[in-house]
Amino acid sequence: MAEEALVAEDVRKRYVSRGAPPTDALRGVSLRIDKGERVGLLGRNGAGKTTFLRIVSTLLIPSSGSVRVFGRDAIADPDAVRSMLAVVPQEGKPFFHLTPREQVYSYLRARGFTRETARFRSEEALGQMGLMEIADRLSITLSGGQRQRTMVATVIATEAPLMFLDEPTIGMDPFARREVWASLRRLTAKGCTILLTTHYLDEAENLAQRLSVIERGKVLVEGTGESLKRRAGGTIRVSITGGEKLGPELESFGLLIPDGSALHVVTSPERVQEILGLAVRAGLPASVGPVTLEEAFLRVVGRSIDEEG
Amino acid sequence: MALRMGQGTIAFALTELRVQLHEGLAIATSMIVQVVLLVFVVILAPSLLPYALLGAVVYSVFQLGQRIQNEAAFIRIDHKLNELYHASSLSAEGYFLGLSLGVLLAYLPPVVILLLLIELLAPLTAVSALVLTAVVALVWLFTCALGYIISTLFRDMRAIWPYASLLTNFFGVLPPVFYPIGLLPGYWHPIALAIPSSAAVVLVEAAQGGLVHLSNLEIAYAATSLTVEALALFGFAVYWARVTARER
Ligand SMILES: Nc1ncnc2c1ncn2[C@@H]1O[C@H](COP(=O)(O)OP(=O)(O)O)[C@@H](O)[C@H]1O
Ligand SMILES: [Mg+2]
């Protein structure tokens with residue numbers, strides 16, 4: 001059996017803060033991640049992702065539940081696990097008065113790396129994150145995306161056994177995002193374990209081997225992107241312009257999603273031919289494509305919102 | 001309660017030093033109040049200069065805590081960098097101490113300039129120089145602790161600002177830090193001798209001889225207050241740093 005990196009069981013968190021009624025941010029979340037896995041945590045704003053990440057990274061005390069990091073109790077003895085962790089906090093920023101090169105290097109030094117290792121690792125991380133050209137500019141002069149790259153570089157340079165990244169690619173351009181993906185892949189290939197949150201569903205699909213969707217503090221679905229799509233009702237989408245006219249006829253083929261002038265039919269591959277036939281006979285243009293994870297997410301979470309009201 | 005520090009603490013202190021050194025103007029202007037007061041004293045009451053010089057040193061050291069307060073709050077609230085350090089092998093007390101040492105190193109030059117002024121204008125005896133070193137160290141422990149603890153109590157930068165001005169006035173301006181304790185009515189003396197900043201200054205003045213006339217009991221009282229308050233608050237701050245490394 002694979003070695004467990006993180007095991008969270010029935011984690012609950014109720015915030016009692018001034019300025020808000022008591023909030024049950026987590027209502028029993030369990031998650032297991034094995035060593036070397038990349039797992040994505042998805043969910044709407046306020047679903048509880050950041051709360052969960054802060055609890056498992058020893059930065060927030062849960063109301064109840066258990067968290068084990070490489071077999072050690074992270075709640076009773078946080079100091080026993082901290083050296084194995086590294087986190088990219090949501091909306092963090094590098095020191096304004098350090099350059100990216102100084103930021104990454106000095107963070108590694110504070111974590112106890114030798115000068116040589118810190119220098120080598122920081123140069124490597126800066127290179128991977130495309131920061132070489134701006135590595136000697138003060139972070140205060142960097143753009144939001146460049147600062148975020150610096151934060152990610154700081155953390156990936158640690159090669160910590162277990163990393164938590166809260167919306168690590170927010171504000172990054174498509175090139176930078178792909179650099180992050182490649183770096184995270186390299187890290188898990190070396191044996192690191194990664195849990196990240198993102199609102200970019202293409203990123204989740206590309207990067208995470210396993211997904212966990214949380215909604216209102218509970219795990220709604222867990223599994224691969226493909227399994228999430230199957231739960232949405234099918235893996236193929238047929239889009240028919242002006243398809244509303246065919247509406248009733250199409251209902252038996254799968255899930256119908258109206259979208260502007262088009263009607264999407266989420267269905268299984270075997271039924272595509274029949275649907276296209278209907279469209280052609282009605283003289284309506286149609287196209288076929290895979291269901292995206294975003295559509296599946298909207299469908300699965302949307303259904304839950306409808307059910308719970 | 002063993003302190004767990006090491007190379008990481010020093011590295012973090014150097015990081016903070018680097019960050020602070022970019023604020024040369026802040027370091028230079030940290031002297032303004034002290035220098036202005038010294039100029040006033042030279043013009044208005046030159047005989048009080050030895051008091052004001054010692055007061056300026058202690059005041060400058062007390063101000064270090066206010067820098068720590070603002071810096072700790074800023075890197076936590078605005079940058080969230082505390083999360084990077086807390087979820088790492090750097091211990092929570094190493095984080096607090098590293099921050100304190102970094103700020104100390106950055107703001108040391110103004111203190112050294114004041115010490116040179118003392119050497120030029122009102123030189124200390126060897127004994128009072130030793131006493132000055134000891135009390136300054138205690139005031140430093142006290143003020144780092146106070147600044148760090150206060151920085152953890154708020155979620156909003158703006159809520160913290162009023163405390164800097166409140167504490168500066170309560171510890172630096174009101175009690176006899178810049179002026180002789182003899183100017184206060186006698187019934188205020190027990191309070192003035194129990195406040196770490198004024199106790200520190202008065203102890204050096206007593207050691208120097210001729211600047212202040214205190215009974216042995218009063219000296220013992222001031223020395224005990226300063227020592228106990230500084231060590232107790234610092235001990236609590238170390239504990240507090242550990243507790244607040246995780247939010248509730
Ligand atoms: N410090 C806090 N005090 C009170 N409520 C909070 C606090 N932090 C987060 N919450 C609430 O907890 C819920 C989950 O928040 P969060 O974990 O940040 O969500 P996500 O990261 O998924 O967007 C939200 O309803 C949010 O308003
Ligand atoms: Mg969040």
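The values are calculated or read from the model by the stated rules, or taken from the named source; none is laboratory data. From a predicted model like this one, the values you see are computed outputs, not experimental measurements. Cβ coordinates were reconstructed from backbone atoms using ideal geometry, including for glycine residues, and neighbour counts include every protein chain displayed. Quick note on the areas: whole protein, heavy atoms, side chains included, nothing else; ligands and nucleic acids left out. Shrake-Rupley method; radii C 1.70, N 1.55, O 1.52, S 1.80 Å.
I'd like the trypsin sites (Lys or Arg not before Pro) in region B:35-80 restricted to DSSP loop residues with at most 12 other Cβ atoms within 10 Å, sorted by number.
Sites meeting the loop and neighbour criteria: none at all.
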Which angle between 0 and 90 degrees, to the nearest 10, do you get for helix B:7-21 versus the longest principal axis of chain B when only C-alpha atoms count?
70 degrees
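Please give the calculated 222 nm ellipticity per residue for chain A, where each DSSP H segment of at least 4 residues contributes -39500 (n - 2.57) and the sum is spread over every residue; nearest 500 deg cm²/dmol?
The helix contribution divided over chain A gives -10500 deg cm²/dmol.
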Have a look at A:SER17, A:SER106, A:SER239 and tell me which one the Gaussian network model of chain A (Cα, springs below 10 Å) gives the largest fluctuation.
A:SER17
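Just to confirm a number: summing +1 for Lys and Arg and -1 for Asp and Glu over residues other than A:PRO62 whose beta-carbon lies under 14 angstrom from that of A:PRO62, what do you get? Intermediate results must be reported in sequence, preceding the final value.
On the way: positive: A:ARG12, A:LYS13, A:ARG14, A:ARG27, A:ARG54, A:ARG68, B:ARG246, B:ARG248; negative: A:GLU9, A:ASP10, A:ASP24, A:ASP73, B:GLU247.
Combined, the nearby Lys, Arg, Asp and Glu give +3.
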If you roll a 1.4 angstrom probe over the protein chains with everything in place, what fraction of the accessible area of region B:2-247 belongs to carbon and sulfur, to the nearest %?
74 percent
Sequence gap at least 6, Cα distance under 8 Å: using those rules, report the relative contact order of region B:2-247 to the nearest whole percent.
28 percent
The protein assembly as shown accessible area per residue, 1.4 Å probe, protein heavy atoms, integer Å², reads 43 Å²
Hey, got the average number of other protein chain Cβ atoms within 10 angstrom for residues in A:160-169?
1
To the nearest 10 square angstrom, how much accessible area does A:ASP202 have with a 1.4 angstrom probe?
70 Å²
Chain A, Kirkwood Rh and Cα Rg, ratio Rg/Rh at 1.05
Residues of A:103-114, mean number of Cβ from any other protein chain within 10 Å of their own Cβ, rounded to a whole number?
6
Counting only trypsin sites (Lys or Arg not before Pro) that sit in a DSSP loop (anything but H, G, I, E, B) with at most 14 other Cβ atoms within 10 Å, what is the longest stretch of chain A containing none of them?
A:191-309
Take the alpha-carbon centre of region A:182-226, take the same for region B:31-48, and report the distance between them in whole Å.
64 Å
Two pseudo-spin positions, 7 Å from Cα along C-beta at A:ASN45 and at A:ALA20, lie apart in nanometres by 1.3 nm
Relative to chain B, whose Cα atoms define the longest principal axis, helix B:108-121 and its Cα axis are tilted in degrees, nearest 10, by 10 degrees
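Restricting to DSSP H runs of at least four residues, report the calculated mean residue ellipticity at 222 nm for chain B, -39500 (n - 2.57) per run over all residues, nearest 500 deg cm²/dmol.
Only helices count here, giving -23500 deg cm²/dmol.
Once you average over the residues of B:87-96, how many Cβ atoms of partner chains fall within 10 Å of each Cβ?
Working: counts 19, 14, 11, 7, 3, 3, 0, 1, 1, 0.
Per-residue shielding by partner chains comes out at 6.
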Tilt relative to chain B, helix B:126-151 - C-alpha long axis, 0 to 90 degrees, to 10
40 degrees
I need the semi-axes of the equivalent ellipsoid of region A:232-298: take the C-alpha gyration tensor, multiply each eigenvalue by 5, square-root it, list largest first in whole angstrom.
17, 13, 10
Over the C-alpha atoms of region B:2-247, what are the Rg and the largest Cα-to-Cα span, Dmax, in Å?
18.2, 55
What is the distance in Å between the Cα centroid of region B:153-193 and that of region A:78-138?
40 Å
With N residues in region B:1-105, what two-decimal value do you get for its Cα radius of gyration over 2.2 N^0.38 Å?
1.34
When every alpha-carbon pair in the protein assembly as shown is counted, what percent end up more than 32 Å apart?
55 percent
Report the calculated FRET efficiency for A:ASP306 and B:LEU21 (r = Cβ-Cβ distance, R0 = 60 Å), to the nearest 0.05.
0.55
Connecting every pair of Cα atoms under 10 Å apart in chain A and solving the GNM, the largest mean-square fluctuation among A:ALA47, A:ALA80, A:ALA20 falls on A:ALA20
Net charge (Lys, Arg +1; Asp, Glu -1) of residues whose beta-carbon lies under 12 Å from that of A:SER239, A:SER239 excluded, is -1
So which residue, out of B:ASN70, B:ASN216, B:ASN82, gets the largest mean-square fluctuation from a GNM of chain B using Cα contacts under 10 Å as springs?
B:ASN216
Suppose accessible area is computed on protein heavy atoms with a 1.4 Å probe; arrange B:ILE149, B:ILE32, A:ILE275, B:ILE77 from highest to lowest.
B:ILE32, B:ILE77, B:ILE149, A:ILE275
What whole number of Å gives the distance from the Cα centroid of region A:50-70 to the Cα centroid of region A:13-37?
8 Å
